[in-house]
């Protein structure tokens, strides 16, 4: 068993890693005010300042003590933030100024201090966490009674209420804790001398908190806590240095919470146990059907206890199960729990004997688990300040439901009344029982119990002799009535259970199906705006309130998506809070520890490589957002959305990369094509011109030939240049269609006119079915398409064979076809032929640069149309352009003739 | 031709200037060449020409501006030279007052025929009333408002006739869409391009043998229309 637990090693590595970037926290820890923590802190800081480190005093409370004030001399003091609160001017540590100043080391007194309302964080220890996060070392001070896990104990023996607490995790994660110790007698002496408080205040303090007994107890607590820390450091040291002799078997503690006032005490007890055993600990709450029907206040109590446990370093979970014992056992088994902390059973005496208790069940069934039962000492002495309540609509306990119980009984009475002669009383009782049962199923427990009792009364009055009196003469009827009442009560309870189970099941089902619907829609989404829209819609549907996603803009500042907002989109989010959540990767705003007075909650969207944005959600309905199950569902929603966004972004990147490669390839083939197709005619021109200039021996006929060659080659270069320029314009997206209404006939006519030289000897058939139909096109570009097609047709069609142009109106639009009698286009080339620089016979002298048809396609597609090539019956090819139906051909006012 | 007509060539490319001065000079024209607009304006004063050949892309003043400036002081015919695929530029130049255009590259023969046509039109008496237009088989009697193809009289609507007459007055030269719409339908209709298309289609069907391969009514895509003139058509 000497192998170190890999999890622990990882944890060690993680802590080292985190520490390298984080600032170091040193706590000057003492048992009470006046022992000299601040003084010791200032002394240490001055030493460092003398050594040349950049030390700043962020906030120091001198309480007017002369010695302490003297130590402040020579240290840089950061100005305080001032706020006007309740009429008075109040000062507070200025976190932003400190972050801006960014010193090596900052002194911030009183770790447990509660910030003024409206500050970024409610507590000073959160300010300090942020300082540490940004790499600033911090010195601070803390009294033992402010530790979360101890403050209750201190409160009990010292008899004071301590409002300001610090989570134990903060204390434990401190890099250094220096105990500032002063024996109680000396402290009391200092107090009497007025060195701690001014005389009047000192007098009061001596009588209350500063009793010697208190001071001794506090000192012991402080020493013990420090010793525990030293012990823990020793453990770490042993592990880091592979000293295995005393190997600590991993203790795992589970505390089970219920909706009882002792829940918080259970949490603290478990924490102390876990701390002394250096154990991992868990806090769970099992929600049984019965517990689900509790009032909101009591459920909130559980929520609060769970959050406390989280702050104290526990892993928390809420389980849903009809049987509390089973759920706890299963959880304990799955997590290798070996210590279980429970409250003492609430059922006592015969009820515990008769109905059993969860504690008894667990004790008899769990194996290899130690139990810690916490006694019920009545009301807890201390309260943490009340957390923000969760306003919500109470489940409607309507009087209508209760009345329906009575109504059911009355109705049955009315039904039975005519048949009283035929029915024996036991039959009538059975009918009543049936009514009670249905009432239970339909309206729940209390209406059905009311129904049972009103049924009993009505039975006694109307059916049990003597009639019209509540007396019951017959003993048989009396027994029957009592049995009915018992049966009715028990079955009502059962029916009620069935009802709640069904309700819980349907709630769970609703969550599952909400998640399923979200996943399903997300799976189909491809574009960022679709994903955002789906996310906003589903979060609104499930959690209420407007919401929005905020993403870093190009300048790095968070902003709203650039898509038009939905009517449920949240506008007016606090971008400052959002930025905080984004930078710190923690939720902020309502219901969190950071700026809880905000009306919205801001949840960072953490992707695989850091935060990608923030969800801002208006916390309209607190219960729908902050119940543990709902909070988990919200996290799952956010994760799903983040993953989908990342997936979309990756797909987009992949697409861009492919496009880039394609563009690269294109550029290369363009260069090789241009260099070939331009150089060849250029060679002829340069050569021929040179010969004309220098070779005086040429006869007239040869000169003529050379001149014609120059002319033809120049024409060829001109055509090619035009095509390359056209293509480049299309590629650059510079082509704007100048669409106007034209008759196809006119465009064909002008194309033919342009080619009249080339087509002089060629018979060209034109067949236009509807010669007055107008199309909405860019005439110059469409003419270019026709010129390219006719030019090709002429090139490939043998002399003497005709070319045919036809124009037809179809259901899809207008179809223009150019048919030739050339060699045709083989099946495999019919798509490729429209690609840039594609040539069927690359070396053929006949072909151009392979741009003509790709220009045609670009033009036709810019018009929203299609171009394709098909074989022609009897040999040859047909190039067809399909132009979509134009919106509305204009109508001309008729002209009188 | 009693005196040799003089041309002012405004072109910034030296090679192209050289080519045109050489070839046109060979055809009995007196050529003055300017490489920018300022020189051109100077030459206009010192050696008044009969016709201007103007490249739109000039180094100092925008060609369009220059046309507008020239039109303020002279009615001299102007031929615009332009790089290809700039129909917008050409249309604008024509609307600003240029008389005809050619896109580079073009053949010498083409330039010569345009120059001659313009000089011919400018040489006519401005006050003379034109009565009969005859080009090939097409005959238009302007005052009688009658149109014949061969011997067959063609019935035209008033607007069709107005359109044809406008083209006939500028026979051989391109008339922009805007100019036609303004003349025939009025200034309020210059955006209604489709009026023109439909009437032009109707005219072609009435006057042309094969409307898909027109002989008289030619389209200059993106710019305007030109009525083909065979020989000296006006009498």
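What follows draws every value from the coordinates through simple rules; no lab data is involved. Keep in mind the model is a prediction, meaning the values are calculated, not measured. Virtual Cβ from ideal backbone geometry, glycine too; neighbours counted across all protein chains shown.
Each label point was placed 7 Å from the Cα along the Cα-to-Cβ direction; for residue A:621 and residue A:515 their separation is 1.9 nm. Seen against the Cα atoms of chain A and their longest principal axis, helix A:575-584 is set at about 80 degrees. On the basis of the beta-carbon distance and an R0 of 51 Å, residue A:760 and residue B:192 show a calculated FRET efficiency of 0.90. For the pair region A:73-119 and region A:684-729, the centres of their Cα atoms are 85 angstrom apart. You can think of it this way: the chain between residue A:643 and residue A:585 has 19.2 nm of extra reach, that is 0.36 nm per residue less the Cα-Cα gap.
Could you tell me which of rounded, prolate or oblate describes region A:252-374, using a ≥ b ≥ c as the square roots of the eigenvalues of the alpha-carbon gyration tensor, with rounded for a/c under 1.5 and, failing that, prolate when a/b is larger than b/c and oblate otherwise? Cα axes put region A:252-374 in the oblate bin.
Label point of residue A:507 set 7 angstrom out along Cα-Cβ; within region A:592-636, amide nitrogens under 20 Å from it belong to A:620-636. Modelled this way, with points 7 Å down the Cα-to-C-beta line, the labels at residue B:143 and residue A:808 are 5.4 nm from one another.
Each of A:468, A:838 was scored by other Cβ atoms within 10 Å of its Cβ. Arranged with the fewest first, they read A:468, A:838.
Quick check: the angle from helix A:37-50's long axis to the longest principal axis of chain A, C-alpha only, nearest 10 degrees? Relative to chain A, helix A:37-50 is tipped by roughly 40 degrees. Rounded, prolate or oblate: which fits region B:6-123, taking a ≥ b ≥ c as square roots of the Cα gyration tensor eigenvalues, rounded meaning a/c under 1.5, else prolate when a/b beats b/c? Rounded shape, in that the Cα axes give a/c under 1.5.
Figure legend: label point modelled 7 angstrom from the Cα of residue A:48 along Cα→Cβ; residues of region A:76-117 with amide N under 11 Å from it are A:103-108. For the protein assembly as shown, what class follows from the C-alpha gyration tensor (a ≥ b ≥ c being the square roots of its eigenvalues): rounded when a/c is under 1.5, otherwise prolate if a/b is larger than b/c, else oblate? The shape class here is prolate.
Compared with the dominant principal axis of the Cα atoms in chain A, helix A:445-458 is inclined by about 60°. Were the residues from residue A:652 through residue A:524 laid out at 0.36 nm apart, the gain over their Cα-Cα distance would be 44.6 nm. Comparing B:164, B:51, B:19 in a Gaussian network model of chain B (Cα springs below 10 Å), the most mobile by mean-square fluctuation is B:19.
Express in nm, to one decimal, how much length is gained between residue A:323 and residue A:475 on full extension, taking 0.36 nm for each residue of separation and deducting their alpha carbon distance.
50.6 nm
For the pair residue A:701 and residue B:30, label points projected 7 Å from Cα toward Cβ lie 4.4 nm apart.
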